[in-house]
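J.: First the structure, which I've put down as structure tokens, then a few questions once you've had a look.
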Amino acid sequence: MNYIVFDLEFNQLYTKKNEEINTKSICEKKIIENSSVKNKSDSSDNKTCEMPFEIIQIGAVKLNDNFEIIATFNRLIKPSLYKEIHPFIEELTGINTEMVATEKHFPSVYKEFLKFIGSNDFVMCVWGIDDIKQLIRNIHYHSLNIHNNIKKYIDIQNLASKEFNTPKGNRLGLKTAVEFWNIPIQNDFHNALNDAVYTCHVFKKVFNKNLKPSIYSNPNYNRIPTNSLKVDTEKLISQFEKMFGRKMTKEEKSIIRIAYNMGKTHQFLK
């Protein structure tokens, strides 16, 4: 059996006016509106709700039973929905709009990814369940077929967190795990292939023969959201102003709000 250790980088909605777009709020609004009708309109809000995070890079490493690297995969993807790379994403990953402009769209890259995975039995390995979730969500958005084994996965982040006795509800960062096990840091983090390679090294440290893969169950994307506690962003910004001893600029306030919303998705935890 092969282990497909993979990592994804995502893009999300961005406006040139640098306005904050809360995709969660958009989805909740559209879900409530659509709950009383049978047919959903093909609006941009609905598309945002279906795929709030669009994959722009897939990086993967194929390991055999002996944990030897037998192949690697690294592809940038031309966005179909969010065609301009968000400045925060560009800063984090180094991927910009020009870099992906000439790349293939997701359906073609996904086909190449399946070819890379091959016909042998395999299990997907990820640093956190969110990459499995967003991969499946992107596959659904493009109306592509899902290989059954793609839903069979090992959450390496969860295994490493147990080794660290990480408190429940907290997530261990990939860089923290890499540094703890003295794994050489030779390339930047937040690059899909680099992170997949680092995850491989951590996997070797936490693997045990009794390990059993989990099966991912698709969440009900169209469920009506329940009431939840909300963060007062104005007070959050006020706290930053106290910390820095000055008023935040309009751009800084926008960055704080965007970073908070991205943090809630856990997509950038490594």
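Taken together, the values in this text are just the output of simple stated rules run on the coordinates, not laboratory data. Note that the structure is a prediction, hence the values are computed from the model and not measured. Note that we place each Cβ from the backbone using ideal geometry, even for glycine, and neighbour counts take in every protein chain shown.
J.: Quick one: 3J(HN,Hα) in Hz for the stretch 55-72, Karplus 6.51/-1.76/1.60 with θ = phi - 60°, rounded, Gly and Pro as x.
T.: Calculated HN-Hα couplings, in order: 5, 10, 7, 10, x, 8, 10, 9, 10, 8, 4, 8, 6, 8, 6, 10, 6, 10 Hz.
J.: I would also like to ask the following. How large is ³J(HN,Hα), in whole Hz, for each residue of the stretch 170-178 in order, when computed from phi with the Karplus curve 6.51 cos²θ - 1.76 cosθ + 1.60 and θ = phi - 60°, using x for Gly and Pro?
T.: 9, 10, 7, x, 4, 4, 4, 5, 4
J.: Further question on the same structure: Say a paramagnetic label sat at a point 7 Å from the Cα of VAL231, along Cα to Cβ; which residues of the stretch 159-193 have their backbone N under 15 Å from it?
T.: Under cut-off, by backbone N: 170-171.
J.: Determine ³J(HN,Hα), in whole Hz, for all residues of the stretch 97-111 in sequence, where each value follows from phi through the Karplus function 6.51 cos²θ - 1.76 cosθ + 1.60 and θ = phi - 60°; x replaces Gly and Pro.
T.: Those phi angles translate into 4, 5, 5, 9, 4, 9, 7, 7, 6, 3, x, 5, 5, 4, 4 Hz.
J.: For CYS125, which sequence-distant residues (separation of 5 or more, or a different chain) have an amide H within less than 5 Å of its own amide H, given hydrogens modelled in the peptide plane?
T.: ILE4, VAL5, PHE6, ILE154
J.: Please identify which residues in the stretch 50-69 have an amide N closer than 14 Å to a label point set 7 Å out from the Cα of GLN186, following the Cα→Cβ vector.
T.: 69
J.: Based on the Cα coordinates of the stretch 75-189, what is the per residue volume of their convex hull in Å³?
T.: In the stretch 75-189, the Cα hull volume divided by residue count equals 150 Å³.
J.: If you don't mind, there's one more thing I want to ask. Under a 5 Å amide H to amide H cut-off, with H placed in plane at 1.01 Å, what residues pair with LYS104 once short-range neighbours are removed?
T.: Residues meeting the criterion, in which the H sits 1.01 Å from N, are LYS78.
J.: Within the stretch 191-215, name every residue whose backbone N is under 19 Å away from a label modeled 7 Å from Cα of GLU163 along the Cβ vector.
T.: So the set is 194-214.
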